[in-house]
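The values are calculated or read from the model by the stated rules, or taken from the named source; none is laboratory data. This one's a predicted model, so the numbers in the text were calculated from it and none came from an experiment. Glycine also receives a Cβ, built like all others from the backbone with ideal geometry; neighbour counts cover every protein chain displayed. When the accessible area is computed, the model is the full protein with side chains, heavy atoms only, and any ligands, DNA or RNA have been set aside. Shrake-Rupley method; radii C 1.70, N 1.55, O 1.52, S 1.80 Å.
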Amino acid sequence: MMTLRTALASSLLALGMFVGCGNRAVDERIAALGEEDPNVPVGEFHRPGQPCVLCHGEYLRENPIMSVGGTIYAYPTQTAEQKPLPVKGVKVKLTDSFGDQYEVTTNCAGNFFIEAEKWDPAFPLRAEMEYPVPGALESTKRVVMSTRISRDGSCAGCHAGTRNQGSPGWVTCAEAETEPPFPPQESACPGAPK
């Protein structure tokens, strides 16, 4: 016969199992992102260079829920102290494994995202981008990612920081600084250096 004490312990154990169903690895990655920049309102301009789908995916379900999101910069930074230069107006074209395509353009923070309700692709994805060439009137350059996006819709899931053994580095338009250079980030863009 079950005592009141045993029943209570069983109930608490069952409740603990239900409440403790989070994903510790994902929770730790989210915690490592740190606090929001108080100068940037939460929205399409916040957290450039961070893995968007980590919070805006099926796990946390922060609005909007995204299938893909990332940030595109002009060129790789040389040191950890340098802030990468975001590029506005880059067309990102994605093709899923069934040939379905979706195109989106970066904002002034270099950010782009696709809401899952608008496009729910079948991974792996093929990615390409087309960016405005600095100083060349209405000229663009197309770059195709040499590998496929396996299952993480966050570009920064792989592309983060400077290039090293753990990362191919930021997603960039050019491999080195160009002449003429890319234009500076718009001063009115949330999060732009003052």
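General remarks:
- Rounded if a/c under 1.5, otherwise prolate or oblate - region 122-175, Cα gyration tensor axes: oblate
- Near residue 140, the amide H atoms lying under 5 Å from its own belong to 133; only residues 5 or more places off or on other chains count, and H is placed 1.01 Å from N.
- Entry note, the chain: relative contact order of 22 percent, from Cα contacts under 8 Å with a spacing of 6+ residues.
- Lys, Arg +1 and Asp, Glu -1 on Cβ, resulting dipole of region 45-142 about Cα centre, debye, nearest 20: 340 debye
- In this structure, the residue pairs whose Cα-Cα separation is over 30 Å, taken from 93/194; 118/141; 83/118, are 93/194; 83/118.
- Sum of -39500 (n - 2.57) over DSSP H runs of 4+, divided by residues of the chain (222 nm, nearest 500): -4500 deg cm²/dmol
- Rounded accessible area of residue 59 (nearest 10 Å², 1.4 Å probe): 90 Å²
- Largest-first principal axis extents, alpha carbons of the chain, Å: 84, 43, 33
- Summarising the label geometry, the points placed 7 Å from Cα in the beta-carbon direction at residue 31 and residue 136 lie 4.8 nm from one another.
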